[in-house]
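Here is the structure we will look at, set down as structure tokens.
The values are calculated or read from the model by the stated rules, or taken from the named source; none is laboratory data. Quick caveat, the model's predicted, so the values are computed rather than measured. Quick reminder, even Gly has a Cβ in these numbers, built from the backbone with ideal geometry, and neighbours come from all protein chains shown. With ligands, DNA and RNA removed, areas are computed over all heavy atoms of the protein, side chains included. Shrake-Rupley method; radii C 1.70, N 1.55, O 1.52, S 1.80 Å.
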Amino acid sequence: MVDDILRTPGAVRDAERWTAHNYHPLPVVISSAEGAWLTDVDGRRYLDCLAGYSALNFGHRHPQLIAAAHAQLDRLTLTSRAFIHDQFADFCRELAELCGKDLVLPMNTGAEAVETGIKVARKWGYQVKGVAAGQANIVVAEGNFHGRTTTIVSFSTDEDARADFGPYTPGFTVVPYGDLDALAAAIDENTVAVLLEPIQGEQGVVVPPEGYLPGVRQVCTERNLLFIADEIQSGLGRTGETFACDHEGVVPDMYLLGKALGGGIVPVSAVAANADVLGVLKPGQHGSTFGGNPLACAVAIEVVRLLATGEFQRRSAELGERLRAGLEGLLGKGLVGVRVRGLWAGLDIDPALMSGREACERLAARGVLAKDTHGSTIRLAPPLVITEEEIDLALTQLAEVLAA
Ligand SMILES: *Cc1c(COP(=O)(O)O)cnc(C)c1O
């Protein structure tokens, strides 16, 4: 009855009718948002516990980011890299400083940052390390998620992501995640890089054993290859530090950044590395029409400035402990596994109770939006502006879903 006069069901049907079904969205139709809250076409409010897979670390429509976007829209939006614009140098310098690196190469999507990292590592391998032509290989981890291009899905171990998209790009060796001996054994004289997520987000917020990342760093240094950290989802405050690698004091040779770098407004990604690495690229060898455009740079400069205060990293670390305590209290009460780093959590629901999808549907009905990953695992990644009370609200709703 009530459904007949609501706009949501019709809007859900329309959205499904006119798109390829490469996603299976929850049946909510959002029309506005602010901070940690979303509002649907019927005026119902939802607490956002996904934050655009960490693209919305600073919440929806953060005033400082929106102001920067508005101001830039009124002045200049695109030049292409054929000309230099007045936002470019500040963006590159401030991001390089945040990363502690010499140089930045801006792109748009995360997948493009990963592709850039792969291309740079291969060129570095041939030109600096002296690998024989066409022989470079890169070691990657099982359970990885680095994006959706044909090269990237070539070394995915998720059959949904990979099957029927071949022929696959050669030059990648897959080893178990978290196993340092297996990684070291996979390296040969043609290995140019190790490409890893310091925490595997899509896999369910999988944190490697302590000592693994420092071990990878050491092996890469000893064997003369590049450690490429895909911090597209884990970086920029999500885990309670600027980078997930910071938890173990590890500095990779290349940071791959994306998602939150665009402030939830525009796609912005980047590779940050020192001059001995990014310096291998010469004019004409790599590029992007929209990469480093004025609007992207204007927003991303403010993102870097928000991070430079340390406030978001602190919030994430402190509130993350509250989230951890609440979730660990649900172990044995419907949860069989919990992994938390800052405001980032992977929860394994007892598969006998319900699937992750069912849990997310029930949470949505209670005004909390989260996303399942694999099977009965769901991920919580609220905007870092979320409050203690809002975390408690999400925990209460989760407890009731699990108890029902
Ligand atoms: C999301 C993500 C990507 C891909 O980013 P897109 O912007 O969707 O291309 C790559 N790596 C990691 C770790 C991600 O989470």
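Side notes on the structure shown:
- When the test is whether a residue is within 13 Å of the ligand (Cβ to nearest atom) and surrounded by fewer than 20 Cβ atoms within 10 Å (Cβ to Cβ), S288 passes it.
- Test: residue in the range 40-52 that is touching a residue at least 24 places away in the same chain (Cβ under 8 Å), under 20 Å from the mean Cα position of the chain (by Cα), surrounded by fewer than 18 Cβ atoms within 10 Å (Cβ to Cβ) and within 16 Å of the ligand (Cβ to nearest atom): yes
- Residues that are part of a helix (DSSP H, G or I), open to solvent by 10 Å² or more (accessible area, probe 1.4 Å) and in contact with an Asp or Glu (Cβ under 9 Å, 6 or more places away or on another chain) were ranked within the range 222-264; the one that is farthest from the ligand (Cβ to nearest atom) is E248.
- Contact annotation: residue pairs with Cβ atoms under 7 Å, 6 or more positions apart or on different chains, pairing a residue in the range 167-188 that is on the phi > 0 side of the Ramachandran plot with a partner that is buried (at least 17 other Cβ atoms within 10 Å of the Cβ), are G171/A136; G171/N137; G171/I138; G178/P208; G178/Y212.
- Screening the range 265-279 for residues that are open to solvent by 10 Å² or more (accessible area, probe 1.4 Å) and assigned to a loop (DSSP other than H, G, I, E, B) and picking the one that is farthest from T116 (Cα to Cα) gives I265.
- Any chance P214 is in contact with a helix residue (DSSP H, G or I) (Cβ under 6 Å, 6 or more places away or on another chain), under 19 Å from R341 (Cα atoms) and away from the ligand (no atom under 15 Å from the Cβ): yes
- Criterion (within 30 Å of N22 (Cα to Cα), open to solvent by less than 30 Å² (accessible area, probe 1.4 Å), away from the ligand (no atom under 16 Å from the Cβ) and not in a loop (DSSP other than H, G, I, E, B)) met by exactly one of V153, V139: V139
- Look at the range 138-157: where a residue is over 12 Å from E202 (Cα atoms) and β-branched (V, I, T) and a partner is within 11 Å of the ligand (Cβ to nearest atom) and assigned to a loop (DSSP other than H, G, I, E, B), sitting 6+ places away or on another chain with Cβ atoms under 6 Å, you get I152/H146.
- Residues of the range 78-111 classified as surrounded by 13 or more Cβ atoms within 10 Å (Cβ to Cβ) and either within 16 Å of the ligand (Cβ to nearest atom) or within 25 Å of the chain's Cα centre (by Cα) (or both), total: 23
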